[in-house]
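Each reported figure results from applying straightforward, stated rules to the coordinates on display, with no laboratory input. All figures in this text were calculated on a predicted structure; none of them were measured in a lab. All Cβ positions, glycine included, derive from the backbone under ideal geometry; neighbour counts span all protein chains shown.
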Amino acid sequence: MLKLVTVVGARPQFIKAAAVSRAMARQDGISEIMVHTGQHFDANMSDIFFEELGIPAPDHHLGIAGGNHGEMTGRMLGAIETILIEEKPDWVLVYGDTNSTLAGALAAAKLHIPVAHVEAGLRSFNRRMPEEINRVLTDHVSTRLYCPTNAAVKNLADEGVRDGVIHVGDVMYDAALDARERARSGSDILVRLGLEPGRYSLATVHRAENTNDAASLRAVIAHLEKVAAERTVVLPLHPRTAQASARFGVSLKALKVIEPVGYLDMSVLLDGCVDVHTDSGGVQKEAYFHGKPCVTLRGETEWVETVEAGWNRLWSASDYKQPRQPIDEYGRGNAADLIVSNLFRANT
Ligand code: UDP
């Protein structure tokens, strides 16, 4: 029996872990222990994803949220170490680029437990982003590095990381395909919000660089207000952005602000929108998965292929690259299966 400990804590990780957990359930001989650090804890930022996506309930819930980055990561590190000593897994599986990712990877590496990193190799080359620090460090202590794109493989090679690097495609594409199918009958969000397909834009804002100071938040909201002069802009409001707008007195009244939504509702909102305006990593790609153009509200993107293929542009760019092209490297919706069979082979 192959025993894995999966460490998750934040919204995008629940979505990625759901795809991989489903693939694990299809494979005999794997036992998965789920650790939730508690980084995201609101019902609509956490519980809804476990319920809707059928993620196994956490075996360990650490309840660690808030505080500065170092403090949060440190508390997680200690708590995860205790669990790993008790559980003695063959592998620790971590996702993406949050403090939970780094804490899980570091705790495992120090106990000589091999780490598998899903969504390895992404780089913004902006070391002021907390996510960039988390990714670089996690990649450098990982044994298996599952890359979503060719650029990710190259980034790792440029840093001298070649062993254990595998391009499997993007587990978020697997997740998007699954959600799209189930959302058809499982979401009435457009009716609830009084929205018509093809008549609104979808926006998300949550990155530290856009919410840490008043001027940055004002600039992002001013961009969205310009879009709102043309059509309704729907903004599922991330708790961090809600706090920032209250703290800095930045009005959101030009926008249709809603509570964060579940993944099936998000899939329907993506399907019906004209375009997407976001600083999220995941949502940039989901725009492409749903055939919608995206404006990225940041100075750089890790998902460079979306820009190259003409589906995405940085908000500083005046236009999209032409012609618009399909992107092959995200795979065929089987990235999670490739990860699970690779991990399984590694241990047999
Ligand atoms: N998402 C969601 N509900 C929302 C906003 C986002 O389900 O109200 C999903 C979104 O579709 C994507 C993921 O959350 O799959 C992205 O998470 P986030 O933007 O928080 O993180 P990032 O991708 O930037 O790491």
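If you wrap a convex hull around the alpha carbons of region 117-223, what volume per residue comes out, as a whole number of Å³?
Each residue corresponds to 153 Å³ of Cα convex hull volume.
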What residues have an amide H closer than 5 Å to that of Leu314, excluding those fewer than 5 places away on the same chain, when H is modeled at 1.01 Å from N in the peptide plane? Thr296
Sticking with the crude label model, points 7 Å out along Cα→Cβ, report the distance from Ala43 to Ala229 in nm, one decimal please. 4.0
Angle, helix 239-248 long axis vs. longest principal axis of the chain, Cα atoms, 0 to 90°, nearest 10? 50
Given 0.36 nm per residue, what is the gain on full extension from Glu86 to Glu51 after removing their alpha carbon distance, in nm? 9.9 nm
Counting just the Cα atoms, what span does region 7-137 cover along each of its three principal axes? Round to the nearest Å and put the largest first. 41, 35, 27
Residue-span extension gain [Ser31 to Ser316] - 0.36 nm each, minus C-alpha spacing: 97.9 nm
Using a basic spin-label model with each label point 7 Å from the Cα along Cα→Cβ, how many nm lie between Gln243 and Arg324? 3.7
In nanometres, what is the gap between the two model label sites at Ala219 and Val191, each 7 Å from Cα along Cα-to-Cβ? 4.3
Could you order the peptides 245-255, 118-128 from most to least packed, using the average number of other C-beta atoms within 10 Å per residue? 118-128, 245-255
Which pairs, out of Lys154/Lys321; Lys285/Lys321; Lys110/Lys285; Lys16/Lys226; Lys16/Lys292; Lys256/Lys292, put more than 27 Å between their alpha-carbon atoms? Lys110/Lys285; Lys16/Lys226
Relative to the chain, whose Cα atoms define the longest principal axis, helix 214-228 and its Cα axis are tilted in degrees, nearest 10, by 60
The alpha-carbon center of region 1-17 and that of region 274-328 are separated, in whole Å, by 27
Which order do peptides 101-107, 217-223 fall in by mean Cβ count within 10 Å, highest first? 101-107, 217-223
Can you tell me the 0 to 90 degree angle between the C-alpha axis of helix 99-110 and the longest principal axis of the chain, rounded to 10? 10
The FRET efficiency for Asn212 and Ile258, from their Cβ-Cβ distance with R0 = 25 Å and rounded to 0.05, is 0.60
Cross-link partners of Lys3 among lysines (Cα-Cα below 17 Å; sequence separation of 8 or more within a chain): Lys88
Packing rank of 296-304, 25-33, where each peptide gets the mean count of other beta carbons within 10 Å, highest leading: 296-304, 25-33
